[in-house]
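Colleague: Please find one structure pasted underneath; my questions will follow.
The values are calculated or read from the model by the stated rules, or taken from the named source; none is laboratory data. Note that the structure is a prediction, hence the values are computed from the model and not measured. Please note: Cβ atoms are built from the backbone with ideal geometry, for glycine as well, and neighbour counts cover all protein chains shown. Calculation scope for accessible area: heavy atoms of the full protein, side chains included, ligands and nucleic acids excluded. Shrake-Rupley method; radii C 1.70, N 1.55, O 1.52, S 1.80 Å.
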Amino acid sequence: MQHLLTLATLSKAQIEDILATGVRLKSEINSGTRNPIFNNLVLGLLFEKQSLRTRVSFESLIAQHGGSSLYLGSDVGWQKREPACDFIPILTSYLDVLVIRAKKHESVEEATHYSKCPIINGLTDRSHPCQALADIMTIMEHVDDLQSTKIAYVGDANNVAYSLAVICDKLGVTLSIAAPPDYQFGDDVMSSFSNGMISQLDSPRKAVSGAHFVYTDVWISMGQEDETAERLHAFRDFQVNEELMKLGEPNCRLLHCLPARRGEEVAGNVIDGPRSLVIAEAENRLHAQKGLVAWLLKQ
Ligand code: CP
Ligand code: NVA
């Protein structure tokens with residue numbers, strides 16, 4: 001049995017396998033075929049934070065292929081009503097797969113110690129692997145060759161940026177991250193990217209220069225609301241706007257995991273304009289995660 005807490009534990013070939021399955025299932029469903037590959041499976045969603053995309057894409061993907069899901073919010077009392085050594089083995093004995101969205105990454109790591117079924121990280125403070133799979137699937141739909149593709153990530157070196165960096169490093173995609181010095185990855189994280197694909201600097205203009213895709217995420221992630229004033233100040237020169245996008249390649253496209261805050265990390269006319277891929281990117285959560293669930297259940 002294998003869990004998926006971070007893409008860092010997967011090989012390039014395993015990530016390619018997940019993506020290929022996702023691409024095939026997307027093509028099948030778009031031609032009207034819904035094979036019961038998840039027949040009778042039950043997927044649980046244990047969520048400590050709000051979600052639209054992650055929750056509904058997992059609920060839909062299992063239903064589309066013959067299974068069912070249970071959304072478990074705060075009323076089940078995870079980390080409050082009883083210890084993980086009781087809660088997790090009991091919960092997972094009722095399930096075939098469990099997706100967890102947690103405030104702390106360590107809570108999901110702890111859950112794996114007691115779990116009787118595969119666990120998928122549906123976002124923690126550290127990483128968001130499902131998002132990165134959909135991001136790369138979206139990019140693959142627009143380029144012939146990932147190895148000659150450059151992505152610029154402009155904004156907070158957060159959970160989304162981390163998973164994007166991991167998948168780019170694994171697949172050999174160039175990623176240039178621009179963040180204010182206090183909001184960059186530390187040396188420990190940078191040294192974990194071993195293939196030389198990831199660079200980090202504090203100039204959005206330099207990062208975007210020659211980029212085929214510009215990616216951004218909110219400056220204030222869930223749980224960081226107390227830091228709002230200082231973050232708005234620190235990131236004030238990091239907005240992805242039309243002027244910045246013009247520094248990329250002529251057909252440079254915008255990616256964003258969503259939800260977005262127009263007028264903060266991204267200008268409204270960029271995210272709502274012709275360069276934006278955000279709606280297709282969000283749809284790909286459904287397809288990429290099908291590949292992930294299918295792969296995990298084979299392990
Ligand atoms: N991108 C993403 O994970 O969205 P949700 O928070 O709505 O799940
Ligand atoms: N960085 C954001 C991503 C939301 C999908 C957050 O953690 O709130």
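Colleague: Looking at the stretch 71-90, is at least one residue within 16 Å of ligand 2 (Cβ to nearest atom), under 26 Å from Ser221 (Cβ atoms), touching a helix residue (DSSP H, G or I) at 6+ places or on another chain (Cβ under 9 Å) and charged (D, E, K, R)?
Modeller: Checked the stretch 71-90: no residue is within 16 Å of ligand 2 (Cβ to nearest atom), under 26 Å from Ser221 (Cβ atoms), touching a helix residue (DSSP H, G or I) at 6+ places or on another chain (Cβ under 9 Å) and charged (D, E, K, R).
Colleague: Can we say Gln50 is away from ligand 1 (no atom under 13 Å from the Cβ) and either assigned by TED's automatic domain parsing to the domain that holds Leu292 or at pLDDT below 95 (or both)?
Modeller: no
Colleague: Between residues in the stretch 230-250 that are closer than 14 Å to Val208 by Cα and residues that are surrounded by 16 or more Cβ atoms within 10 Å (Cβ to Cβ) and of a type in the set (Gly, Ala, Ser), which pairs lie under 6 Å by C-beta distance while being six or more apart or on different chains?
Modeller: Going by the 6 Å Cβ cut-off, the qualifying pairs are Phe238/Gly155; Asn241/Ala267; Gly248/Ala211.
Colleague: So is Val23 in the same structural domain as Ser115 (by TED's automatic domain parsing) and either among the aromatic types (Phe, Trp, Tyr) or over 20 Å from Gln2 (Cβ atoms) (or both) or not?
Modeller: The answer is yes for Val23.
Colleague: Which one of these is open to solvent by 10 Å² or more (accessible area, probe 1.4 Å) and under 20 Å from Val218 (Cβ atoms): Leu164, Leu123, Leu146?
Modeller: Leu123
Colleague: Which of the residues that make up the stretch 58-67 are open to solvent by 20 Å² or more (accessible area, probe 1.4 Å) and in contact with a Phe, Trp or Tyr (Cβ under 9 Å, 6 or more places away or on another chain)?
Modeller: Within the stretch 58-67, Glu59, Ala63, Gln64, Gly66 meet the criteria.
Colleague: Look through the stretch 33-52, keep the residues that are open to solvent by less than 60 Å² (accessible area, probe 1.4 Å) and under 14 Å from Lys290 (Cβ atoms), and return whichever of them is farthest from ligand 2 (Cβ to nearest atom).
Modeller: Only one residue fits best here, namely Thr33.
Colleague: Does the stretch 112-130 include one or more residues that are closer than 22 Å to Glu225 by Cα and away from ligand 1 (no atom under 16 Å from the Cβ)?
Modeller: No, the stretch 112-130 contains no residue that is closer than 22 Å to Glu225 by Cα and away from ligand 1 (no atom under 16 Å from the Cβ).
Colleague: Select from the stretch 12-32 the residues that are hydroxyl-bearing (Ser, Thr, Tyr) and open to solvent by 50 Å² or more (accessible area, probe 1.4 Å) and write down the one among them that is nearest to Leu61 (Cα to Cα).
Modeller: Ser27
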